[in-house]
Amino acid sequence: MTEQQPNSVGWWEWLGWKGSSQPIQPPPIQNNPKLPEEPIPTTSVVAVVHPKVIESTEVIPQTGWERVKAIYERANSMEKDVTVRVVRMTFLGGFLVGGATGYAQARHAYEMNNVGRKYLSPSDAVKRKIDYAIVRFAKGGFGTGFKCALISGSIVFLTTHVTAYRDKFASWYFPAISAIVGGVFTFPLGLIGSMKAVGLGVTSGLTLSAVVHLYGMAIDKPVNDAYKLFKRDYERELKASAEWDSRVTELMQREQIVWRQQAVKKLKQMDQEKMAIFDD
């Protein structure tokens, strides 16, 4: 028996469409030929651009504490220099005033405590009297100078740092801070002594504020702008002074000069010679 093959005629052929019995093969995809690489143009001269070197960048502080911290990060800061100068000057002034005012009391106390004492000679009595006066002068001078330096330095320190923290100078800083500092340091003297110190602080603070106002009127600027302008000029002079000191020190080390004044004189002569050459 022969096995019947299943009818492989499709219904498209039954309808009369004579198609190919082979499946339609898609046209072969030809690979794109590899394009030749273009040669990279080369030149015999290479242009080199030197990058611009930034020596230093200045970060502008944004908050109050950052501005206060920047005072001690800068080399030439007005706040530090002014505070140190005021402390030195007030200490020296207080030392002289305190020693001079205590001299009369020291003389009277010496005469009262040494009545009837015998000395080896009149010159020995004078010598002991002078020694006692020197000791009392130094003792009274150091005490008064230390108090003056502490009070004045605290007022200047707080005023400049409050201004840096708030980034604004106001006229009431000096009277308010002077009154607070005076009241705190004279608190052991009692209420009356503290009130006297507060009154003295307000009076002296108003005087300083008046000086600042007069300076602002002289340059035709508000108080805050006058303070900032003064600070800018002050720090510029500090920078110039630091550069000059650095040049003098370098000259002393290079030419083995012992006396600093001699190095200053020679450096001035060198600068004058350079200026004369440029003028010609």
Looking at the P(r) of the stretch 67-167, how many percent of alpha-carbon pairs lie beyond 23 Å? 49 percent
Just to confirm a number: summing +1 for Lys and Arg and -1 for Asp and Glu over residues other than His161 whose beta-carbon lies under 15 angstrom from that of His161, what do you get? +2
At Ile180 and Phe278, where each label point lies 7 Å from the Cα along Cα→Cβ, what is the point-to-point distance in nanometres? 4.8 nm
Pairs Lys69/Lys139; Lys231/Lys268; Lys80/Lys221; Lys139/Lys239; Lys69/Lys221; Lys69/Lys239: which exceed 31 Å Cα-Cα? Lys69/Lys139; Lys139/Lys239
For Asp167 and Ile134, what does the FRET efficiency come to when R0 = 51 Å and r is the distance between their Cβ atoms, rounded to the nearest 0.05? 0.55
Of the peptides 165-174, 268-277, 67-76, how do they stack up when ordered by the mean number of other Cβ atoms within 10 Å, highest first? 165-174, 67-76, 268-277
Give me the number: length gained by fully extending Arg88 to Thr101, i.e. 0.36 nm times residue separation minus the C-alpha to C-alpha distance, one decimal in nm. 2.7 nm
Ranked packing of 138-147, 203-212, 124-133, most packed first, by mean Cβ within 10 Å: 138-147, 203-212, 124-133
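Read-outs: derived from the displayed coordinates by stated rules, not from any lab. This one's a predicted model, so the numbers in the text were calculated from it and none came from an experiment. With ideal geometry, Cβ positions are generated from the backbone for all residues, glycine too; neighbour counts draw on all protein chains shown.
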